[in-house]
Amino acid sequence: MSKTRLKICLVNPPVLAVLEPWYDEPDFPRTALACLAAFIKDIPGVAILIVDAKFEQLSFDKCLEKIEAFEPDLVGFTAFTNEIKPAAYLAHKLKEKHKNMLTLIGGVHVTAIPKQTMQEFPSFDMAIIGEGESPLLELCNSLLHISDKTIESIQGICLRKDGKIIQNGHAERILDLDTLPMPAWDMFKPAQTYFVQTLRGCPFNCQFCMNPNGQVARKRCVENVILELNYIIDTFKPKHISFGDELFSVDMNRTHDLLDAMIAHKIGDKVTWDVQTHVKFVDQEMFYKFKKAKVERVEIGVETGDEEIMKKMGKGISMSKIMDAYTFAKNAQVPIGTFFIIGQPNESVASINKTIDLAVKLNPNLPMFGLMTPYPGTEVARIAAKGEGGYRLKTTDWDNYSKQLGGALEFANLTKRQIEFLQIKAYTSVFLKNGRILDFLKLLWEYRKGAFELLKKFLLGKKELQSKSNKPKDYDDIFIGEKQINKQEFIDSRLNWIKKQKEEIQRTRKEMPILFKLGE
Ligand code: B12
Ligand code: SF4
């Protein structure tokens, strides 16, 4: 295809069912699409439309209508694992009617299993593996003949050629994030909440996480972050800003500076805000600054209360660090949210009860108990596919890959009903044993759809996620006969990912060694 103008539609697919309104009816736009659009919007001849179907709460039909009305040459979908089938459905429907429309998939799922995703979903013409900014720019330049580079020579591209799937490696990560433009927030309708990314990456290697942005944290400078915060606040007047960073305070010196700057700019007077961080990268003074900067909540992953599991988890946390962090938070009166995961490798009723006991003791303002999900590219996926860790991989129907409702794994030491019971017990224990009945009722009301689904699953013993209210009638039909990933490919996805992570660490060491200095 040779063109002088290129119309690109970037799409966040609709949800299949509204279970948790905060995730499924978000009042915030998708950061990935804002970043990608910003990077390509100034290419001469490029016109972009973003269709964020979750944020706009569009049905599949409405989403397709909106895409088609724009008459794009290229449609780029973003997808986590639980979103890949909805994206493939849309691509299929578009290709049925518009043979020449190019479809492109990006995001963490396809990054973990590129070739398998292209095999499973023939409706995607191309994929971009890893960080999308540079490869997407090169793709546009190539389609517009601004550059002579062929599409298949773009690093990070995966495409079909002569009936084969060919992949040209993996996009290199952008080391200096300050070279990136401000995300194109103005291409969405104004939102109540924005997710701001101040860094990409995390030094840990948790068994249940693919750590898609790599083990070297790349950070934007404080001035750049403040510029974005002020721009969003002044332009869109939102209520809330959530920092999307995996580990907000990974560089403690920078975090102190950033918090000082947020205090000076009175960010906390204009919006509520929250962050996710790690017990190893906090101190008392930081929590006092969090308080002064008026943070709404600091969220921390504790994951388990069993010290043996904790040691093997890859998160670099210990019971004493957890206790210290919660003491700092308590002293400074900073509200805490805490993530736990039920279904750790070799988990048993006894180890889950230890997790519940710890949760009761820590008594976080917002406890969250997810169920282990074997996302491709993770160590948990590898051992589950091998039948180790007490796991049996039950399905690779990606629609069931949700942390809240589980459904992808079976456990040797635990029945499904035990897990569901323990998940309900965990929530009730934290609130009721700490005498927080009002908080409990509030949480139940806020998450009523998810809570109802959880209870329904437990009481009726439902096997799979049932409530799929937005699911189109022909949804399942289009996936009949598609080639699903096999166990060996699941295992290989982890091994390939480890190799990739190592390569990127080596490259960063050569090109930007300063990124290894964390200022702990
Ligand atoms: C912030 C965040 C969220 C936010 C998203 C907010 C927002 N406005 O975007 C919220 C809280 C909503 C969220 C929800 C969930 N999340 Co989340 N989230 C993250 C987090 C921490 C950062 C993602 C992010 O915005 N990064 C910044 C952007 C710029 O990067 P990016 O999304 O990766 O996009 C880049 C590339 O992937 C690529 N790319 C992406 N899309 C496309 C599309 C095209 C066309 C191209 C060319 C390239 C491309 O280019 C982008 C720019 O470089 C990641 C962890 C991580 N390190 O990525 C987890 C993560 C993505 N989330 C995860 C999960 C599991 C979920 C949930 C499913 C949890 C659940 N409830 O079960 C839900 C899904 C909700 C839903 N309805 O679908 C997993 C995904 C694992 C997987 N294989 O799917 C991750 C990796 C966390 C983890 N450690 O496991 N999440
Ligand atoms: S701490 Fe663990 S779960 Fe969190 S981003 Fe890092 S590797 Fe993933």
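No lab work stands behind these numbers, since they all come straight from the coordinates. Computed from a prediction, not measured in an experiment: that's the story for all the values here. For neighbour counting, all protein chains shown are included, and Cβ atoms are generated from backbone atoms with ideal geometry for every residue, glycine included.
Just a few scattered comments:
- Hull shadow area, averaged, region 278-354 [alpha-carbon convex hull, nm²]: 5.0
- Most positive-pole-ward Cα, GLY343, PRO376, LEU366, against dipole of region 301-396 from beta carbon charges: PRO376
- Selection from SER242, LEU422, LEU258 lying farthest towards where the dipole of the chain points positive, charges on Cβ: LEU422
- Distance violations [Cα-Cα > 18 Å] among LYS7/LYS149; LYS62/LYS471; LYS291/LYS330; LYS266/LYS294; LYS312/LYS354: LYS7/LYS149
- For TYR288, the shell of other residues with beta-carbons less than 13 Å away shows a net charge of +2, using +1 for Lys and Arg and -1 for Asp and Glu.
- Of all DSSP bridge pairs formed entirely within region 192-334, close to 15 percent run antiparallel.
- Aspartates and glutamates with Cα under 18 Å of LYS161, excluding same-chain neighbours fewer than 8 positions away: GLU120, ASP125, GLU152
- The Kirkwood hydrodynamic radius of region 192-334, based on inverse pair distances between different Cα atoms, is 15.7 Å.
- Computed from point charges on the beta carbon alone (+1 for Lys and Arg, -1 for Asp and Glu), the dipole magnitude for region 286-422 about its Cα centre is near 500 Debye.
- The magnitude of the dipole of the chain, with charges of +1 and -1 set on the Cβ of Lys/Arg and Asp/Glu and taken from the Cα centre, is near 880 debye.
- Scaling against 2.2 N^0.38 Å puts the C-alpha radius of gyration of region 1-73 at 1.22.
- Projecting the Cα positions of ILE43, THR198, LEU432 onto the charge dipole of the chain (unit charges on Cβ atoms of Lys, Arg, Asp and Glu, taken about the Cα centre) puts LEU432 furthest along the positive direction.
- Of all DSSP beta bridges confined to the chain, the antiparallel ones make up roughly 25%.
- Scattering from region 3-127 was approximated by placing one identical point on each alpha carbon and applying the Debye formula without solvent; log10 I(q)/I(0) at 0.15 1/Å stands at -0.65.
- Compactness relative to 2.2 N^0.38 Å, alpha carbon Rg of the chain: 0.95
- Measuring from each cysteine beta-carbon in the chain, the ones with no other cysteine beta-carbon under 4.7 angstrom are CYS9, CYS35, CYS63, CYS140, CYS158, CYS202, CYS221.
- Evaluated over region 389-449, the count of Lys pairs having alpha-carbon atoms less than 16 Å apart is 6 (only pairs 8 or more residues apart or interchain).
- Candidate aspartates and glutamates - alpha carbon under 20 Å from LYS66, same-chain residues fewer than 8 apart omitted: ASP24, GLU25, ASP27, ASP52, GLU56, GLU83, GLU96, ASP186, ASP474
- Candidate cross-link partners of LYS270 among the aspartates and glutamates, defined by an alpha-carbon separation under 17 Å and a same-chain spacing of 8 or more, comprise GLU228, ASP234, ASP260, GLU296.
- Charge dipole magnitude, Cβ of K and R +1, D and E -1 - region 253-340, Cα centre, debye nearest 20: 220
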